[in-house]
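Following: one structure in C-alpha cells, then a few remarks.
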Amino acid sequence: MKILHTEASCGWGGQEIRILEESRGLIQRGHQVSVACPAHARMTAEAPRFGVPVVPLPIEFKTVAGLRALRRHLAEARPGVVNTHSSADSWLVALACATLPAPPAIVRTRHISAPVSGNFANRWLYRQARGVATTGESLRRHLLDTLGLDPERVTSVPTGIDPERFAPAEKAAAKVALGLDPRQRHVGIVATLRSWKGHLFLLDAFAQLQRPDIQLVIVGEGPMRQPIMEKIAALGLGDRVTLAGQRTDPERWLQALDVFCLPSYANEGVPQAILQAMLCALPIVTTPVGAILEAVGDGDTALVAPPKDAAALASAIARLLDDADLAGRLGSSARRVASADFSREAMLDRMEAIFQQAARP
C-alpha cells in the first residue's frame, strides 16, 4: 500500500512518536509510507531518524494555502490511503479529497480522550473516513455515542511497544550509567511536559514524602518546563530533582527507576509511557484518566490514585517504596500483561488491516 500520514501538530509527544514508529514498522513490512507535516514541526526533523520520508506542507492551520498545497500533493503523489491525526489536517484532507476526481481513502486516528462535540460538522468530518482508529476502547465508545458512527468502522488500536527494547535491567548499573546515585532510590516520570500530565501534582506529592533518600527524575521536554522549575524552587527540592530533558533513550531511564508515576488528569488514550514502564516491570502509580485503566488494574498491575490528589499520590508512592513484595508483584504482572496485549507487532497488524480495508474499492 501507499500510505500518507498527515499531522498538523508541531509539538512532540506520544502522538507524534506513535505516527513515526508505526510508519517505520509498516515500511519494514514493505509498504510505501510518508508523513506530511509543517516544515517547522518537530516531526519534520525527527522523521529521518525513524527512516520515514517527510513532506513539508503548510497544514498547521485550516487555511486556503494549506488546502491547495495538500490537494496538489495528493493529486501528484496519489496515495491509496491518507491517515489524518489532528483537527486541522483532518479538515484539510477531507476538503481536498472532496474536490479530487479520484481521492484516496481516509482513515482518521483519534489519539486523546478530550471530548468530541457531536455537532453536524464533526459528524460530517468523521463520516468522510472509511476507517477510524482510537488509542483506547473508551475513546472508541465516546465516538460511537457522540457521533453515531458505524461500530464496524471504528477500531481501538492502542499504541504498541517493543518488548525487547523496553525490558527490565539491573538497576544499580542503570543508575550508574546515567550518573544517578545507586545508593538512592528514584521515583520518576517520562512524559512531555504538559499541564495535564500532572507534573506539578507529582512535585507536591514528592515534597510530602519528606524522605531525603528518595530522588525524583523527570524525563521529557515541553511547555511546562518553566512552571515545573519554579515549583521545584518553591518547594526547595532543587537538590532532589533531576530534569533530564528530552531523551531518545527513555528505556535506559525507566530501567533506572524504582517507582514510575504518571499522574495525568486529562487527554489520555493508553499512554505509551505507561506501557513502556509496564514492560520494564516497574511498579506504577497512575490515575483513572482516559484509557489508562485499559492497560492497568488497581492492585493488579499498578496503584491507581484520584487525579489531582497529591496526598493520594504520595501515599501510593510510599506504599510501593516500603513494600518490596508488592512492588515486585505489580511489576512482574505489568510486564506479562503489556507483553501479551500491547506489543508493537499487534499494533502494526491492526493498523495494516484498517488500511487494507479502507483501500478496497
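Rounded to the nearest 0.05, what FRET efficiency is calculated for residue 123 and residue 185 with R0 set to 56 Å and r the Cβ-Cβ distance? Don't skip to the end; give the middle numbers.
Details: r = 51 Å, r/R0 = 0.91.
Working from the Cβ atoms, E equals 0.65.
Using C-alpha pairs below 8 Å separated by at least 6 residues, the relative contact order for the chain is 16 percent. Spin-label model, residue 249 to residue 332: label points 7 Å out along the Cα-to-beta-carbon direction sit 2.9 nm apart.
Computed from phi, the 3J(HN,Hα) profile of the range 20-25 under the Karplus parametrisation 6.51, -1.76, 1.60 (θ = phi - 60°) reads 6, 5, 5, 4, 4, x Hz, with x in place of Gly and Pro. The distance linking the range 171-196 with the range 286-361 is 19 Å (Cα centroid to Cα centroid, whole angstrom). Once the GluC sites (Glu not before Pro) in DSSP loops with at most 12 neighbouring Cβ atoms within 10 Å are cut out of the chain, the longest remaining piece is 171-361. Considering every alpha-carbon pair of the range 171-341, the percent of pairs per 10 Å bin, from zero through the bin containing the longest distance, is 11, 44, 39, 7, 0. When the P(r) of the range 52-182 is calculated, the portion above 18 Å amounts to 62% of the C-alpha pairs.
From the largest down, the range 193-254 spans 31, 24, 17 angstrom on the principal axes of its Cα atoms. Amide hydrogen proximity for residue 343: with H placed 1.01 Å from N in the peptide plane, the residues at 5 or more positions away or on another chain lying under 5 Å are 161. Scalar couplings 3J(HN,Hα) for the range 318-328, obtained by applying the Karplus form with A = 6.51, B = -1.76, C = 1.60 to θ = phi - 60°, are 4, 4, 6, 5, 8, 10, 4, 5, 4, 4, x Hz; x denotes Gly and Pro.
Projecting the Cα atoms of 291, 26, 196 onto the dipole axis of the chain, where Lys and Arg carry +1 and Asp and Glu carry -1 at the beta carbon, places 26 farthest toward the positive end. Were the residues from residue 141 through residue 339 laid out at 0.36 nm apart, the gain over their Cα-Cα distance would be 68.8 nm. When each of the peptides 279-292, 204-217 is scored by how many other beta carbons lie within 10 Å of its residues on average, the order from highest to lowest is 279-292, 204-217.
Computed from phi, the 3J(HN,Hα) profile of the range 229-238 under the Karplus parametrisation 6.51, -1.76, 1.60 (θ = phi - 60°) reads 4, 5, 5, 4, 5, 5, 8, x, 10, x Hz, with x in place of Gly and Pro. Reported to the nearest whole Å, the Cα centre-to-centre distance from the range 209-267 to the range 2-59 is 28.
Amide H contacts of residue 156: 134, each under 5 Å away and 5 or more positions distant or on a separate chain (H built 1.01 Å from N in the peptide plane; Pro and chain starts excluded). Measuring r between the beta carbons of residue 63 and residue 324 and using R0 = 56 Å, the FRET efficiency lands at 0.50.
Here, each number is a calculation from the coordinates, and none is a lab measurement. All figures in this text were calculated on a predicted structure; none of them were measured in a lab. Cβ: placed from backbone, ideal geometry, glycine included. Neighbour counts: every protein chain shown.
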